[in-house]
Each structure stands twice: as structure tokens, then as C-alpha cells.
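Okay, structure first, notes after.
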Ligand code: C2E
Ligand code: MG
């Protein structure tokens, strides 16, 4: 059971926390992936931005170099020294040497209007014009644009009186790879600035200046644009760790690439925050774990409390056995699983015999102990039962598969024997028996309630046939029970329609004088004829009809007997009536209504009614005594009456049971017993009457034992009220029999 419960618990926990934990993990993974993606995107965006800046920087760098050349070439002197006439010394000083020394242009050439080189310098020194040959291709790409701009510009118009002629430089630059070395090559048209010297023809000379892209230049560029580890690489160079900006020829031929290690702000950020982030995530995980743990504990508690309430809903608190609800559920499932010709199922109803006596005599706690002991004994006796349930009170049900016929021969006997073993408790040894009713269900489609009803009917039979026995349900029994049920309905009706009547049996003294009568109830059933009180009184007690019936008896007896001044009237009262809280009040009200004198009435109780510790019974008996009623104890000697009970309830009279009286003629033992009862009664000042006196011999024996009062067929049959009234006051001679009635 506990394994099953734990499995359910684990399953429930997994079902509850599984999604939470997986969602949390999925969330974490998603977060990590998202963060990685963002970092990567951040780096990519930064690299794109950096590349754009580098591209722009390269253009700017070209422009700056253009500006350096422009200052040397947009100059009246340049027009004069390179165009109007050609002065190589001027060119050496202002171009070849100047541009190399101050700006790192390693090669400078001057091309005349016919595009022929007229000047060449390498590394600040004039060189041969052949040095132009490698630079010619790039010059050829740059010059046409310059010439076309020159054409567009048209002839230069002087501005007399003004200090300049505002001619923007006409120039262009490009990357070129010459003899394996990358250059920035600039071509600038020689133009005047103040216009004091003007070009001699429509095409002025053009300077070509080439600056090698070396490590110094690269480093300066990198410093300016904050690039890490710059280098010039072939366009085929690939490195995932580096960024590249391609340097192209004017015709878009890729020549080389500027390469650098890109700044990775995302990665940098990640590196900077990863430790605190990891700590944060760990802390969060710890927090989440503690939340989950606490949640798990709460859920565990909830599950446990749910299990508890489920257990309570399906189990009997006292014995921990399954209860009626569980029984019905299981029985339904077991019956539904029956196959035609398969293993039959035995539904065994167990009811304790004389349990009520223990409960009444020793109190509910003793009863509880007994029930617990019986429950554990049933478990031992039926180890292979499908289910053992307690229906409440002293009723149990066992469901057992009947795998072999031997089972039904053995099991019921084992249950009877085990339950009947006495139980040692703080109240001493307790002993009960039990009755069994068994219904064997071997066909499918039987309803649980029907199966239980059949077993119950069989149980009833067991009870009827003297208890401590086993009855197997037969379909005819159903009919018997139905008739019992109809009898119950008839009895309820009889209480209302008055088909019940009272008879009175005389109680006489030794001389035969009637000292009193016992009121006895009679029921003349319209179809069945007279039904004996021994049948209908227990039925009324079981069904609760006894309360209405008892009220009928009291009312009827008070009304019929209130004028019988000479005789005491005994009225039988059931223990069920005595247990009702308003009973004494009811008696008082009825007595007042009928105007009777309680002193003339004797409340006749059975021994068992007084045996328990029921405070309600004690209260009712006390109240009745205070009202003036006397108390007689019927069936004396058959129960457990003790002296203390007699004294506690201030019993006035005991009635020696018929069984002792009838045995008087047969054994000496009974005589001794009756004698000792009488002695006891005398010792505690109780009057005694012997019941069921049928023969003179019995009466004589009783007289010898000291008994002074008698009731029985010998001294008077029960008679209707009117006949009893006639009898009263009449001395009945010894041995004379009154007309038989009832
Ligand atoms: P009980 O109180 O012991 O009543 C005496 C029973 O013994 C009566 O049976 C009576 O007819 C019978 N009896 C009297 N003399 C003799 C005799 O010489 N020989 C034999 N064999 N029997 C004799 P009854 O009337 O059938 O009543 C049976 C039981 O039913 C009573 O036993 C009593 O416990 C119960 N009872 C009867 N009337 C009432 C009633 O009005 N209220 C309650 N609560 N119980 C009643
Ligand atoms: Mg009686």
C-alpha cells in the first residue's frame, strides 16, 4: 500500500514539478542561446561599423594626401616652372624632395600636356624617366578623368584686382600595386592659384605622386582609427579572427586588403560580465532550487493530506479497514470482472453475536477494543481475501474469490473459530461469537447492492437459527426476507390502526390470591393470524418501531388498568425505549393523562437493559423511580446481573426466569440455583416472583425454596382486560386453572 502511495506521490510530484523544472531549464537554455546570439550580433554589428569607418578612413586618407599635393601643384609657381617652362630643379625641390621628405611620397612624376613624362624622382632624388614605366598603367587610369575635368573647367580666366582665381584642385587618387608594393597614387593637374601665371596651352602638366603603403603608414592609420594589429594582406587571405577592407584599383580590381583584428565589444562584455553573471545564475539557481524544494514540500504536504482525506473517506477510523464506500467500489469492480463460468466471488457478511451486550455492559470503549481485535483476527483468518471491510457497528464484509470448493468448507469455520476466541482487554476477557451469511456470485451482471443484500439475508438466517453459525444464501431466502419486511410494514400499520391489544397474566401469592398482573402485548395479524411477541418485539426493536409500539402499550395499559385498585400492573419496557432521552417524561405525561397512580405500576426490564453504563438508561430509571414506579428485572439469572446492578438501580423485584423454573423438576442443580437466588434476594431485601410456573410440582418446589409469588399457566393464563377485571379481587384456589387465553 505504502509503495503504491509513494509511487503515486512521485508521479504527482513529477507531473507538477516536471514542467516547472523543464520550463526553467528551457528558459535558461533559451537565455544562454539568446545571450550568445546577441553577443555575436553585437560583435557582427560592431565589425560592420568598424569596416565602414575603415573604408571611409581610407577615402579620407586619400583626400588628405590629395590636399598635400594640391598645395604644391595649385600654385602659380608650379604653372611657371612646370608648364610655362620646365625647371627640373624647382621640381626637385618642391615636388620630388619635398613630397618625399615631408609626406613619404617615394615616387613623383610630371607628365606634360601630351602625357609624356618630363620629370621623375624616386625617394626624393631625381631619377630616370624610365622609372615612370611601372606607374604608367595606373597613371593611364587616373589621367583621363583629370583631362576631362580640365576640359570641363575650360580656360582659366584671370580676375583682375582679386588676389586669387578660386580654382579647385583637379586631382584623383587610386591604389596600385607596383612590383609587389602597394601604393596610393595621386594625380593632380598643375593649375595656378593667383593666376599670375597661366597655363600655356589647353592641357597643363599633371603630377603623379605615389606613396607606398608600408607598416608605418598602416600603423598611423590604425592608431587613428583604433585598429588592432593592422597588416596588408593578399585578397585571398582568410582569417576568421580578422576583418578585412579590400583595396581596389580604379577598375575595381581587388589588389590587397587591409586586415586587422576587429574589436569585439560583445565578446569583451561577455568576458567582463561572465563571472558575475555565472555567480548570479548560480544564486538564481539556488533560489529556484529552494523555491522548488519548498514548493515540493508544500505539494508533498498537500498530497499527503489529500491521501489522508482519501484514506479517511475510504477507511473505517477504528479498525483502519476499508469502509462501506470502498467495499461498494471494490465489489462493483470485482463483480464487473466476473466471466461466465469463471471463478465465483463469495460475499461474506459477518455480524458479531452478543456484541451489544458487551457494549451495554462495559461501555463503548470495551466495544471498540473488541471490534479492533475482531478486525485483526479477520485479517489473520482471511489472508487471501480480496477485501475485508467494516460496514459499521459490529458488521464486517469479506470478499473472497472461491477458487476451489474446499474454501467454503474451511474459511467460514476458520472465521467463526478465530472470532469466537476470547479477547484479553483491560476490562478482562471478552467473548463474542459471530454469525456468517455467504452469497456466492458466479454470474456476471449482479449489482453490488444485490450481492450484499443476498449475503445479508443469509446472515439473518444465521442469526435466526441461534447465532454462531453460517448460512449460504439460497434464492428462496429472499422470499423469507421479503415477508419479514412486509411484516415490519404491517407492524407499523398495526400500531396505528389498533390491531394490537393487551392481555394480562395474573401473578399470585402462595394462597393463590392475585397480587398483580403482567401486561403482555398481542398482535392479531389480519392474514397471518396471531404473531407472537417473541417475533414482532425484536423486529420492532431492530427497526425502531418499538418507540411507537411502547407508547401504544403504555397508553393502552394505563387506560385499561387505572381502575384496578387491587392489583399491581407490570409493564414490559424494552431497552431501546429506556435509551430514548425523553422516555421518563413520556411515561409521566401518559400517566398524568390516564390519571393512574405510579405506585401501582411496575416497570419490567430485562437484565441486559440495565447492564451497560448508558447514562441515559440510568437517568430514565432514576426518574421513573422518583415518579413512584417500581422496577422489576425479568429473565433474572440468564444474563450477567450483578449485585451492584441490582443495588445501583434500586430494583424492587426480580423475576426468576422460566428456564430455571422448568428445569426444577429435572435437576437438583436448578433447585440449588433458584434457592441461592432467593437467598440473595432476601439478603438484599428484594421480592421475587417465579415466571412460567406450569405445574404443581414446580410450584411446590418453589415454595420449598422460599418463593412466595408465582406467574405461569398454572396460576393464570393471560386474559383480555375485561376478563382480568372480573378476576381481580377473586381468590383463586390452589391448582385451579383460569380459562386459557392468548
Ligand atoms: P416476558 O416478559 O418474559 O413475558 C412472559 C412470557 O411468558 C409471555 O410470553 C407469557 O405468555 C409467557 N408465559 C407465561 N406463563 C407461561 C408458562 O407457564 N409457560 C410458558 N411456556 N410461557 C408462559 P409472550 O406474551 O409471548 O411474551 C414474550 C415476550 O415478549 C415477553 O417475555 C416480553 O419480553 C415480550 N413482550 C410481551 N409484551 C410486551 C410489551 O408489551 N412490551 C415489550 N417491550 N415486550 C413485551
Ligand atoms: Mg415480562
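Rounded if a/c is under 1.5, else prolate if a/b is larger than b/c, else oblate: which is region 430-494, with a ≥ b ≥ c the root eigenvalues of its Cα gyration tensor?
Verdict is oblate for region 430-494.
Nearest 5 is fine: what % of DSSP beta bridges in region 410-548 come out antiparallel, could you say?
Taking every DSSP beta bridge with both residues in region 410-548, the antiparallel ones total about 85 percent.
Counting pairs of alpha carbon atoms under 8 Å apart in space and at least six apart in sequence, what relative contact order in percent does the chain give?
8
Could you list the residues of region 250-282 with an amide nitrogen less than 14 Å from a label point located 7 Å from the Cα of residue 41 in the Cα-to-C-beta direction?
Output list for this probe position: 266.
Sort 202-213, 56-67 for me by packing, meaning the mean count of neighbouring Cβ atoms within 10 Å per residue, highest on top.
Order by mean packing, descending: 202-213, 56-67.
Where both residues lie in the chain, what percent of DSSP beta bridges are antiparallel, nearest 5?
Counting only bridges with both partners in the chain, antiparallel ones make up about 75 percent.
For residue 286 paired with residue 499, estimate the spin-label separation in nm (one decimal), with each label point 7 Å from Cα along the Cα-to-Cβ line.
Here the modelled spin labels are 8.8 nm apart.
Antiparallel as a % of all DSSP beta bridges within region 368-476, to the nearest 5? Intermediate values should be presented prior to the final figure.
Numbers: 8 of 11 bridges.
Roughly 75 percent of the DSSP beta bridges within region 368-476 come out antiparallel.
Order by neighbour count: 310, 655, fewest other Cβ atoms within 10 Å first, most last.
Placing the least packed residue first, the sequence is 310, 655.
Would you mind pulling out the separation of the Cα centroids of region 106-130 and region 394-435, in Å?
Between the Cα centre of region 106-130 and that of region 394-435, the gap is 130 Å.
Please give the contour-minus-distance gain from residue 101 to residue 196: 0.36 nm per residue of separation, less the Cα-Cα distance, rounded to one decimal in nm.
Contour length minus the Cα-Cα distance gives 31.4 nm.
Under 1.5 on a/c is rounded, so check that first for the chain, then, if it is not, pick prolate when a/b is larger than b/c and oblate when it is not; a ≥ b ≥ c are the square roots of the alpha carbon gyration tensor eigenvalues.
Here the chain falls in the prolate category.
Between region 189-246 and region 647-666, how far is it from one alpha carbon centroid to the other, in angstrom?
So the two Cα centres are separated by 141 Å.
Just need the relative contact order of region 144-221 here, percent rounded to a whole number, with Cα pairs under 8 Å and 6+ apart. All intermediate terms of the calculation are to be shown ahead of the outcome.
Numbers: 105 pairs, mean separation 22.7, N = 78.
Rounded, it is 29 percent for region 144-221.
If a/c stays under 1.5 just call it rounded; otherwise compare a/b with b/c (prolate if a/b is bigger, oblate if not). Do that for region 315-473, with a ≥ b ≥ c from the square roots of the Cα gyration tensor eigenvalues. Don't skip to the end; give the middle numbers.
Details: a/c = 2.01, a/b = 1.73, b/c = 1.17.
Note, shape of region 315-473 comes out prolate.
Can you sort 343, 695, 606 so the residue with the fewest Cβ neighbours within 10 Å comes first?
343, 695, 606
Can you give me the C-alpha center-to-center distance between region 514-562 and region 302-341, rounded to a whole angstrom?
Region 514-562 and region 302-341 have Cα centres spaced 43 Å from each other.
For a protection proxy built on the mean count of beta-carbon atoms within 10 angstrom, sort 511-521, 252-262 highest first, please.
Values: 511-521: 20.6, 252-262: 17.5.
Descending mean neighbour count gives 511-521, 252-262.
Separation between the residue 618 and residue 214 pseudo-spin-labels, each 7 Å from Cα along Cα→Cβ, expressed in nm?
Taking the simple label geometry, residue 618 and residue 214 are separated by 12.6 nm.
FYI, it's all coordinate maths here, none of it is from the lab. Quick caveat, the model's predicted, so the values are computed rather than measured. Don't worry about glycine lacking a Cβ; one is built from the backbone with ideal geometry, like all the others, and counts go over all protein chains shown.
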